[in-house]
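For reference, the structure is listed below as structure tokens.
The values are calculated or read from the model by the stated rules, or taken from the named source; none is laboratory data. Quick caveat, the model's predicted, so the values are computed rather than measured. Don't worry about glycine lacking a Cβ; one is built from the backbone with ideal geometry, like all the others, and counts go over all protein chains shown.
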Amino acid sequence: MANEKRIQIIKAADKRFAKHGLNKTSLDEIARDLRIGKATLYHYFKSKDDLFYQTIAWEVEQYIQNVTSTLQNSEQQITNRLLDYITYKENLNQHSKLLYDMLIKVIEGYSLEKENKILNDLFRAEEELLKTVLTDFYHSKVVSVTPVLPTYILMLSWGMVFGNRLNKTAFQERVVNYKELILKSIESILR
């Protein structure tokens, strides 16, 4: 019951923080959204910052769960799984706004140590997942998956998230399909 309440608070906070940001969101608003007292929030979280970072951590958990189920979907071919994975990342700002905003802060050089740790943990988990999926799929086709391949896919796919925004702005007459480029690149490496 206590964990359910905590998750309920995090979900409400996620909506508020995603819409208004950390500085323009108050604990009073989150409590009002849930029809609970502000003191109840302090029962579960030390401060607004604590709630904010636990909300980001929850978004990261949701992200990893979705990526895991996408990549481990054995009913689909590996290329379709990778395509779904890349498409999911491409829409990051729609389903994981706090994570997306945190990535922007890192790129702009305004991130804090806590945010860097969250992203580092995310990247490591995602890289391990890619390594496992690629090794399982390609074990009979190649001697071994080179250790840098999961990192390569990880960095390419994250670069694509922001590359699409730049592409739409800078090269309106020549739209590049990053998903196809990434998939063709991976397929050519694993031949």
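Just so you know, in region 32-80 the residues that are assigned to a helix (DSSP H, G or I) and of a type in the set (Lys, Arg) include one that is farthest from Gln94 (Cα to Cα), and it is Lys38. Looking only at residues in region 78-113 that are touching a helix residue (DSSP H, G or I) at 6+ places or on another chain (Cβ under 6 Å) and among the basic types (Lys, Arg), the one that is modelled with the highest pLDDT is Lys97. Set side by side, the residues Thr87, Thr55 differ, and just one is over 17 Å from Arg124 (Cβ atoms) and either surrounded by 14 or more Cβ atoms within 10 Å (Cβ to Cβ) or in the same structural domain as Leu22 (by TED's automatic domain parsing) (or both), which is Thr55. Residues that are exposed (fewer than 13 other Cβ atoms within 10 Å of the Cβ) and closer than 17 Å to Lys46 by Cα within region 12-24 comprise just one, Asn23.
Of the residues Tyr85, Tyr152, Tyr110, only one is under 30 Å from Arg6 (Cβ atoms), free of Cβ contacts under 8 Å to residues at least 60 places away in the same chain and hydroxyl-bearing (Ser, Thr, Tyr); which? Residue meeting the stated conditions: Tyr110.
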